[in-house]
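The values are calculated or read from the model by the stated rules, or taken from the named source; none is laboratory data. Since we're looking at a predicted model, the values are computed, not measured. Cβ placement follows ideal geometry from the backbone for every residue including glycine, while neighbour counts extend to all protein chains displayed.
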């Protein structure tokens, strides 16, 4: 059960990242298309400004896409860890924030996050304070 649950969390994270990559790729393409379709008008400055804005948007989406691809590669490379603490689970493998997965609250943490570094040194029965609440680790898998 625990390994299947951990695998389902990783699958969810991979699907989430894949969807964000697809959305960002489409936005980047749309920005490029918008820049390319700006019509030359008698007001040349307006034309140049529209093209420049389209290129800026495309570049912003390209940076986002590069970051998402790095996150995806990192998720594939890391040995993820799940810690169960009462009503919360912590998935150490990628920083996606708090999500509801299979009816449980899961906090997705980057392996470099300070809390993730603290949790990696803990064992079952240890406690940590998270958002002002003391949580005791009941399982690690």
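Could you tell me whether any residue of the stretch 2-16 is assigned to a strand (DSSP E or B), under 24 Å from residue 134 (Cα atoms) and in contact (Cβ under 8 Å) with a residue 12 or more places away in the chain?
No, the stretch 2-16 contains no residue that is assigned to a strand (DSSP E or B), under 24 Å from residue 134 (Cα atoms) and in contact (Cβ under 8 Å) with a residue 12 or more places away in the chain.
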Exercise. Can you find a residue in the stretch 103-114 that is under 15 Å from residue 9 (Cα atoms) and loosely packed, with under 11 Cβ neighbours inside 10 Å?
Worked result: yes
For this session: Go through the stretch 86-130 and tell me which strands (runs of 3 or more DSSP E), entirely inside it, have 1 or more residues that are more than 19 Å from the chain's Cα centre (by Cα).
Result: 127-130
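Might you let me know whether the stretch 71-78 holds any residue that is surrounded by 14 or more Cβ atoms within 10 Å (Cβ to Cβ) and not in a helix (DSSP H, G or I)?
yes
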Exercise. Does the stretch 84-91 contain any residue that is touching a strand residue (DSSP E or B) at 6+ places or on another chain (Cβ under 9 Å), at pLDDT below 95 and closer than 30 Å to residue 2 by Cα?
Worked result: yes
For this session: Enumerate the pairs (first residue in the stretch 47-68 and without any contact (Cβ under 8 Å) to a residue 12 or more places away in the chain; second residue anywhere and surrounded by fewer than 14 Cβ atoms within 10 Å (Cβ to Cβ) and not in a helix (DSSP H, G or I)) with beta-carbon separation below 6 Å, excluding pairs fewer than 6 apart on the same chain, so at least 6 apart or on different chains.
Result: 47/40; 47/41
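Condition test on residue 96, is it within 19 Å of residue 132 (Cα to Cα), assigned by TED's automatic domain parsing to the domain that holds residue 134 and in contact with a strand residue (DSSP E or B) (Cβ under 8 Å, 6 or more places away or on another chain)?
no
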